[in-house]
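Notes for the one structure printed next.
The values are calculated or read from the model by the stated rules, or taken from the named source; none is laboratory data. Only a predicted model underlies this, so the values are computations on that prediction, with no experimental measurement involved. Virtual Cβ from ideal backbone geometry, glycine too; neighbours counted across all protein chains shown. To get the accessible areas, we keep the full protein, side chains included, count just its heavy atoms, and leave off ligands, DNA and RNA. Shrake-Rupley method; radii C 1.70, N 1.55, O 1.52, S 1.80 Å.
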There are 2 protein chains.
Amino acid sequence: MAGMHIMARKKSLIMSKYVIGIDFGTLSGRSVLIDVENGNEIATDVLDYSHGVMDSELPDGTKLGVDWALQHPDDYLEVLKKTIPAILSKSGISPAEVIGVGIDFTACTVLPVKADGTPLCKMSEFSSEPNAWIKLWKHHAAQPEANKLNEIAEKQGQKFLKRYGGKISSEWLVPKVWQTLNEAPEVYHAADRFIEAADWIIWQLTGNEIRNTCTAGYKAIWHKHDGYPDNSFFTSLHPGLKDLVIKKLSSELYPVGTKAGEITPEAARLTGLLEGTAVAVANVDAHVSVPAVGITNPGKMLMIMGTSTCHMVLGENERTVPGMCGVVEDGIIEGYFGYEAGQSCVGDHFQWFVENCTPPEYFREAEKKGLDIHDILTEKAKRLKPGESGLVALDWWNGNRSVLVDVDLTGMMIGMTLATKPEEIYLALIEATAYGTRMIIDTFHENGVPVNELYAAGGIAEKNPFIMQIYADVTNREIRISGSPQTPALGSAMFGAVAAGKARGGYDNIVDAAKVMGKVKDIVYKPSADNVRVYDKLYHEYKILHDYFGRGDNDVMKRLKEIKKQVK
Amino acid sequence: MAGMHIMARKKSLIMSKYVIGIDFGTLSGRSVLIDVENGNEIATDVLDYSHGVMDSELPDGTKLGVDWALQHPDDYLEVLKKTIPAILSKSGISPAEVIGVGIDFTACTVLPVKADGTPLCKMSEFSSEPNAWIKLWKHHAAQPEANKLNEIAEKQGQKFLKRYGGKISSEWLVPKVWQTLNEAPEVYHAADRFIEAADWIIWQLTGNEIRNTCTAGYKAIWHKHDGYPDNSFFTSLHPGLKDLVIKKLSSELYPVGTKAGEITPEAARLTGLLEGTAVAVANVDAHVSVPAVGITNPGKMLMIMGTSTCHMVLGENERTVPGMCGVVEDGIIEGYFGYEAGQSCVGDHFQWFVENCTPPEYFREAEKKGLDIHDILTEKAKRLKPGESGLVALDWWNGNRSVLVDVDLTGMMIGMTLATKPEEIYLALIEATAYGTRMIIDTFHENGVPVNELYAAGGIAEKNPFIMQIYADVTNREIRISGSPQTPALGSAMFGAVAAGKARGGYDNIVDAAKVMGKVKDIVYKPSADNVRVYDKLYHEYKILHDYFGRGDNDVMKRLKEIKKQVK
């Protein structure tokens, strides 16, 4: 590793320029130093947030309700302060060689600030009020507001609903801000701005309140041509929201791939970077990963596979695809419509199985062989041919995001016999998530957004060839895997290179940057014709069950949930 | 225990008479000595069969095919020889005080014999031929013959099919005998008789080839008025079967509750009983249990709950109840139509779960508390209210016997979330078997065979109050539990008392015997109104799923089985 750094260092003496990508995750932030010439990673540094996710109390001990999830702005600044100097020092690269910086963030992660950018939670009069803090993406306490918003929007026939699969999530900006107005009007009124944490960081780095179209489009109901929903819509939610768009958001939105500004003297002191270093407009972790695997045109879907899966694909036109999470013009790559879809339960699904349904002898075998329990299950599942288990499952243990957009759907499995073994159930759950992905792909494909090839990033893509082969067989498509273990940070660094521009050693646009810096591994998962044939039959059965239980023929899942609620 | 025997002994000096019930099970035979006056058990003795179930080879090493299950006639005789003297000796009762003997047997358990009763498997020329041995009830190697029989019978519109839920099982007599003709015609032709092991034992005890209507009716397609199917039907199966009924079965059939004869001098030497002791016509283990819990009239269903469940109920008339396993006039209690139904997977279901789906910490907790794993799961499941799990399952892990008569159906579960716990799944499987029972009850009830009260016997009824309460709540019926842990043996002893007759200290009929000797425990499981209300809703969901997957709306289970077969 040290050797690699020295080699890279020597090379840089001749010609290389560097960029930094900073990826703000749920529990930590990481900075990665990337070689502009080839996208290679030179150094990386991670910092866990001191306050992590605040879901039970504020720093001063104020208790939080259920479904709350807050963060502390100082944690983000600490990432800038610690990890940027760390990667410079680890690599021996001088700040002068760093031509640009890009960041990506979880979203919607939003905070109220004063006109000068001061977070309200940092002001003594608001520090005990939960609504003054940063609401993290997975803050779900604004569900009542989301429900009401959807009800009203549907009644009014608001056409924006279609762009979001028919529903605005409680995770998004408007419900979160509305919750603040409902519960802490003093915070709402004292807030000059509500801003994505991503854009707030850019503000801290550049001194400019420059908002990006990606978070605005996917999370704040903004549209390139239509803008935000009308003021009359906001007023119909709550009269107090009448000035939200005009005063507290910003109509100054910049597409991803543009430059937000340059490092200010203050930011230079904080980060150790040189004043004047180019800074890209902020981005979202999932979306920034698309060019990082080299995708800059339609037909190629990126799946980011972890506890859940996020699917992204570019389209030439704006289409209404049932169940998509959002479509945003220039939202991923300028000039294209960026489509997003999702599966709520992927890695979580397999983990649930391991924690709740795997018998002791499997754990004993894992221990004996020094393997992880997933490896043992995989080893056994590998011996099964497609269709041999006789099982089919619906992957709805955590509801269904795309294409049904229904959190009240639940899991189903069919085909068990007294001879059914744990590895068969495990395999059926894996296959179910693959069928779910195929359903998403087919739906895009049939609705004018072609998907011809697949790309995958994230923990599962990185570590699990068995699962990836099943996905290739089920979807009958080749799958390429992200070449970087830090896909979002690489993507952010690429946008940093674009912010710097070609004249300063970077690139003029993300397409050029992606050609050189985007990375996939050598391995390509290719569908096996035999398996495709069997999986086609099994997917046909999945589809029948999917439609029967998911499209209203038999709402048993909802009725069971209702009974559950009543008896609890 | 010794004290009890002495008390009983003292009492007997004054007035008591005794009867012996002999229950021939799958792996062992047991004799029980019963006080005629009150049905109390005085002594019991069990003997495991030396040859057990022969499913891989014959005693001489001849290999058996898959699905074979044979037994050795000497094992049965050994039970008579060892256990009868043992209970006499344990109790101190003299043979003179034993007024009657009754037996019950697994069925259809059938063997070929010579005219003098010699089993063909005991003759040196046939001892290496598997088909010469006793085919145990769970011998499934005659499935091809059963399939062909059903196909032909259906084509011919044979009305007997209706009495058996539309299908003759491969476990029953005609397929088993036909297999012998197909595979070992020399055995078929050398056999003067094919006889139920139950009736063969009676022959050994009394010297009379006296066959019972219970096994003939339920297992050999015999009907009180129509007799066996026409010879033309047998000829249409195979010309060689033309003489089966005329020569090799017997038209001399005696209803249960009649006397088969008396202990012969040879049988007296074998058993230690006195020559001339009355012997009842043979019976089947499940059916003989009905009067043992005091049921002698319609409206009361007995469930014998073990690995699977067998349901028995009496009716006033012959009705066609969908999915019943059989209806036989005088088959259980003379003067009534005895109806039988079944669930293929009950205790087996819970055992499958424990072996395949229960995580290590549950086993650790069981070990720590010194409990069985089922007890730990039950302890946790007890804390759940009906409906709280949000789960519903179809109990078809081993196909569905009643009411759908479809071995190709498989299991299904719905409602799982990432918060679903193992005890919730365990409970859902228990509830699923209860829904299956309710489906059977409702089907009888709606087809003119009322079921107002439930009785239960067998391991689950005996040991599991939690399950029994669920059954009471799901079926909205009171459940009484057999008072004897040896229900079939008690029932056989009662028939022994009837064979002896009132004049010799017994009873004139089984109704009188049941009044005095039939036994239920003091506990009555009563439905709880609150639970009934919730379970009604859940059963409604079960029913929709039952009909959707079981009655042809979506034959996914069969298609998955077909795919499974193809890829294997």
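For the range A:270-385, with the dipole built from +1 on Lys and Arg beta-carbon atoms and -1 on Asp and Glu ones, taken about the Cα centre, which of A:A282, A:M312, A:I332 lies farthest toward the positive end?
Most positive-ward Cα: A:M312.
Hey, if we sort A:H140, B:H287, B:H189 by accessible area with the 1.4 Å probe, largest down, what's the order? Provide the component values of the computation, followed by the final result.
Numbers: A:H140 65, B:H287 5, B:H189 115 Å².
Solvent-accessible surface, decreasing: B:H189, A:H140, B:H287.
Report in % the part of the accessible area of the range B:16-283 that belongs to carbon and sulfur, leaving out ligands and nucleic acids; probe 1.4 Å. Walk me through the intermediate numbers first.
Numbers: 4700 of 9340 Å².
Carbon and sulfur: 50 percent of the exposed surface of the range B:16-283.
Once both labels are modelled 7 Å past Cα along the beta-carbon direction, what's the B:E266-B:N317 spacing in nm?
Output for this residue pair reads 4.8 nm.
What is the calculated FRET efficiency for B:K162 to B:K81, with r their C-beta to C-beta distance and R₀ = 35 Å, to the nearest 0.05? If you can, show how the numbers build up before the last one.
Working: r = 43 Å, r/R0 = 1.23.
It comes to 0.20.
Given the pairs A:K176/A:K259; A:K300/A:K463; A:K81/A:K521; A:K135/A:K219; B:K259/B:K300; B:K300/B:K385, which are separated by over 23 angstrom at their Cα positions?
Too far apart for the 23 Å limit: A:K176/A:K259; A:K81/A:K521; B:K259/B:K300; B:K300/B:K385.
Would you compute, from DSSP H runs of 4+ residues alone, the mean residue ellipticity of chain B at 222 nm, taking -39500 (n - 2.57) per run and dividing by the full residue count, rounded to the nearest 500? Don't skip to the end; give the middle numbers.
Numbers: 21 runs with 232 residues, N = 568.
About -12500 deg cm²/dmol.
Which entries of A:K561/B:K561; A:K537/B:K543; A:K568/B:K380 show an alpha-carbon separation above 23 angstrom in the structure shown?
A:K561/B:K561; A:K537/B:K543
Excluding ligands and nucleic acids, what accessible area in Å² is computed for B:L371 using a 1.4 Å probe, to the nearest 10?
Surface open to solvent at B:L371 totals about 70 Å².
Protein chains only, probe 1.4 Å: how do B:S124, B:S484 rank by accessible area, largest first? All intermediate terms of the calculation are to be shown ahead of the outcome.
Values: B:S124 105, B:S484 10 Å².
Highest to lowest solvent-accessible surface, that is B:S124, B:S484.
What does the C-alpha gyration tensor say about the overall shape of the protein assembly as shown? Classify as rounded when a/c is under 1.5, otherwise prolate if a/b is larger than b/c, or oblate. Write out the running numbers ahead of the final one.
Numbers: a/c = 2.93, a/b = 2.51, b/c = 1.17.
Taking the square roots of the gyration eigenvalues as a ≥ b ≥ c, the protein assembly as shown is prolate.
Cβ neighbours within 10 Å, averaged per peptide: list B:279-286, B:179-186, A:227-234 in order, most packed at the top. Don't skip to the answer; put the middle values down first.
Values: B:279-286: 30.1, B:179-186: 18.1, A:227-234: 16.5.
Ranked by mean Cβ neighbours within 10 Å, highest first: B:279-286, B:179-186, A:227-234.
If amide hydrogens are placed 1.01 Å from N in the peptide plane, which non-local residues have theirs closer than 5 Å to the one on A:L409?
Counting only residues 5 or more places away or on other chains, the set is A:N400.
In nm, one decimal, shortest first: how far is the label point of B:K568 (7 Å from Cα along Cα to beta carbon) from the matching points in the other copies?
4.1
For A:D348, go 7 angstrom from Cα along the Cα-to-Cβ vector, then report the distances to that same point in the other copies in nm, smallest first.
Those separations, rounded to one decimal, come out as 3.7 nm.
Which whole-number percent gives the relative contact order of the range A:16-283, counting Cα pairs below 8 Å spaced six or more residues apart? The partial results should precede the final answer.
Values: 535 pairs, mean separation 51.3, N = 268.
Relative contact order of the range A:16-283: 19 percent.
Evaluate the charge dipole of the range A:501-568 about its Cα centre and quote only its size in Debye, nearest 20, assuming +1 on the Cβ of each Lys and Arg and -1 on the Cβ of each Asp and Glu. Mind showing how you got there, number by number?
On the way: 16 positive and 10 negative charges, 83 e Å.
It works out to roughly 400 debye.
Within a Cβ distance under 12 Å of B:R269, other residues only, what is the Lys/Arg minus Asp/Glu net charge?
Working: positive: B:K81; negative: B:E266, B:E275.
The answer is -1.
Using heavy-atom solvent-accessible surface (probe 1.4 Å) with all chains present, what is the largest-first order of B:E453, A:E275?
On the way: B:E453 55, A:E275 125 Å².
Ranked from most to least accessible, the order is A:E275, B:E453.
Within the set of other residues whose C-beta is less than 14 Å from the C-beta of A:I210, count the net charge using Lys and Arg as +1 and Asp and Glu as -1.
Details: positive: A:R193, A:R211, A:K259; negative: A:E196, A:D199, A:E209, A:E252, A:E262.
Local net charge: -2.
Find the relative contact order for chain A and round it to a whole percent, using C-alpha pairs within less than 8 Å whose residues are 6+ positions apart.
Working: 1233 pairs, mean separation 90.3, N = 568.
RCO, chain A: 16 percent.
Have a look at A:P450, A:L560, A:G261 and report the one farthest towards the positive end of the charge dipole of chain A, computed about the Cα centre with Cβ charges (Lys/Arg +1, Asp/Glu -1).
Towards the positive end, the residue furthest out is A:P450.
Between A:K543 and A:F466, what length in nm is gained on full extension when 0.36 nm per residue of separation is reduced by their alpha carbon distance? Provide the component values of the computation, followed by the final result.
On the way: separation 77, 0.36 × 77 = 27.72 nm, distance 2.30 nm.
Separation in residues times 0.36 nm, less the Cα-Cα distance, equals 25.4 nm.
Apply the a/c threshold of 1.5 to the C-alpha gyration tensor of chain A and tell me whether it is rounded, prolate or oblate. Write out the running numbers ahead of the final one.
Working: a/c = 1.62, a/b = 1.19, b/c = 1.37.
Judged from the Cα gyration tensor, chain A comes out oblate (a/c at least 1.5, b/c at or above a/b).
Across peptide B:342-349, how many C-beta atoms of other chains are within 10 Å of each residue C-beta, on average?
Shielding by partners across B:342-349 averages 1.
Return the distance in nm (one decimal) between the two label points of a simple spin-label model at A:H225 and B:E355, each offset 7 Å from Cα along Cα→Cβ.
Roughly 6.4 nm, to one decimal.
With a 1.4 Å probe and every protein chain left in place, tell me how much accessible area B:V113 has, in Å² to the nearest 10.
Accessible area, nearest 10 Å²: 0 Å².
What is the local net charge at A:A142, summed over the other residues whose Cβ is closer than 12 Å to its Cβ (Lys, Arg +1; Asp, Glu -1)? Could the numbers behind the result be given before it?
Values: positive: A:K135, A:K138, A:K148, A:K176; negative: A:D67, A:E145, A:E171, A:E183.
My count for the surroundings of A:A142 gives 0.
Along the charge dipole of the range B:16-283, Cβ charges K/R +1 and D/E -1, which of B:Y218, B:P95, B:S124 sits furthest on the positive end?
Comparing the listed Cα positions along the dipole, B:Y218 ranks first.
Would you work out the charge dipole size for the protein assembly as shown about its Cα centre, treating the Cβ of every Lys and Arg as +1 and the Cβ of every Asp and Glu as -1, and quote it to the nearest 20 debye?
On the way: 120 positive and 146 negative charges, 19 e Å.
Dipole about the Cα centre, nearest 20: 100 debye.
So what does B:D372 come to for accessible area, using a 1.4 Å probe and Å² rounded to 10?
Approximately 80 Å² for this residue.
What nm distances, shortest first, do you get from the label point of B:S232 to those in the other copies when the point sits 7 angstrom along Cα to Cβ?
Sorted ascending, the copy-to-copy spacings read 8.4 nm.
Nearest-5 percent of antiparallel DSSP beta bridges in the protein assembly as shown?
The antiparallel proportion sits near 70 percent.
For peptide A:495-501, how many partner chain Cβ atoms fall within 10 Å of a residue's Cβ, on average?
0
For chains B and A, what's the summed buried accessible area, probe 1.4 Å, to the nearest 100 square angstrom? Kindly include the intermediate steps, with their values, before the conclusion.
On the way: alone 22470 and 22470 Å², together 40490 Å².
For B against A, buried area totals roughly 4400 Å².
Going by amide H atoms built from the backbone, whose H comes under 5 Å of the H on B:I332, apart from near neighbours?
When sequence neighbours closer than 5 places are left aside, the close amide H contacts are B:G338.
Could you tell me what percent of the DSSP beta bridges with both partners in the range B:16-283 are antiparallel, to the nearest 5?
On the way: 28 of 40 bridges.
The antiparallel proportion sits near 70 percent.
Using just the Cα positions, wrap the range B:16-283 in a convex hull and report its mean projected area in square nanometres, one decimal place.
On the way: hull surface 55.1 nm².
Computed as one quarter of the Cα hull surface, the answer is 13.8 nm².
Please list the non-local residues whose amide H lies under 5 Å from the amide H of A:S28, H modeled 1.01 Å from N, same-chain partners needing a gap of 5 or more.
Close amide H contacts, sequence-distant or interchain: A:Y49.
With +1 on each Lys and Arg Cβ and -1 on each Asp and Glu Cβ, and nothing else charged, work out how big the dipole of chain A is about its Cα centre, in Debye to the nearest 20.
Values: 60 positive and 73 negative charges, 126 e Å.
For this selection, approximately 600 debye.
What does the average come to when, for each residue of peptide B:557-568, you count the partner chain Cβ atoms lying within 10 Å of its Cβ? Working shown, then result.
On the way: counts 7, 0, 8, 10, 3, 3, 11, 8, 3, 5, 12, 4.
That works out to 6 on average.
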